[in-house]
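A short worksheet on the structure shown next.
The numbers here are math on the coordinates, done by the rules we state, and not lab data. What you see is a predicted model, and the numbers here were worked out from it, not measured in a lab. Positions of Cβ are backbone-derived with ideal geometry, glycine not excepted, and every protein chain shown enters the neighbour counts.
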Amino acid sequence: MNSSSNLQQAINEKNAQMAGMMPPEVKQLLQQKAEELAARHLETNAIKLGDTAPDFTLPNALKVAVNLAKLLTHGPVVLSFYRGAWCPYCNLEVQALQQMNHKFKELGASLAAISPQTPDHTLNFVEKAKLDFEVLSDVGNQVSRRFGLTYILDPELRPIYLSFGLDIPMHNGDDSWELPFPATYLIDRQGKVRFCFVESDYRKRAEPADLLHALQTLI
């Protein structure tokens, strides 16, 4: 993804690529389960625009504790909840946020991404992607659960994920198969949510340019 391309364009290209790799019955099952998950409307339980974000402390890739309230003393915070480095759509989103991060910094904001991966897997991700922002490990999805973002991956999908080499228990250090919905928040210095994107469909993500626009309105 280059600096002139938007995230949705990259996602559309990834969708086409993934569709070409899958047998029809696998594509059909994935779509069916996505529709079933959407029909449950679990994302309506999530922290919303205008809510106060719950404070938390999580380890970063180097196992150093990072506290939301402390980050907010320096300025607004962009929080991105992602499923894990194994997820190609999460990788696209994190790359897009990395490209926008210098503009977030110019406006006094900090960026942090959160997944249920263990710190060791997070460190590999940070080094490989050359990320210059905090990437936090929410082992057990404790923070994601407080934000109302968690769900359990359908048992019928688990062997499909494993067949593609997506070993979620190995990455997360437990066998719960619990994941966060893709979600992005902009939190102002008072802890209020000023931008909110929560989506049950992992193929849909917040556009970093929209985040930037929301941040500009806080200045």
Label point distance in nm, Lys130-Ser176, each placed 7 Å from Cα along Cα→Cβ: 3.5 nm
Estimated dipole of the stretch 155-219 in Debye, rounded to 20 [Cβ of Lys and Arg +1, of Asp and Glu -1, Cα centre]: 360 debye
The stretch 139-219: chymotrypsin sites (Phe, Trp or Tyr not before Pro) in DSSP coil with no more than 14 other Cβ atoms inside 10 Å: Phe164
Solitary cysteines of the chain, where the nearest other Cys Cβ is not under 4.7 Å: Cys196
Option label - Rg and Dmax of the Cα atoms in Å computed here, alternatives (i) 16.7, 51; (ii) 17.5, 55; (iii) 15.9, 48: (i)
Pairs beyond 31 Å (Cα-Cα), from Lys14/Lys192; Lys103/Lys192; Lys27/Lys63; Lys33/Lys70: Lys14/Lys192; Lys27/Lys63; Lys33/Lys70
Leading residue at positive end of dipole, the stretch 1-106 (Cβ point charges), from Asn91, Pro23, Leu49: Asn91
Student exercise, the stretch 7-216 dipole from Lys, Arg, Asp, Glu Cβ charges, in Debye to nearest 20: 480 debye
Relative contact order computed over the chain (Cα-Cα under 8 Å; 6+ residues apart), in percent: 28 percent
At R0 = 25 Å, FRET efficiency that the Cβ-Cβ distance of Lys204 and Glu25 yields, to 0.05: 0.60
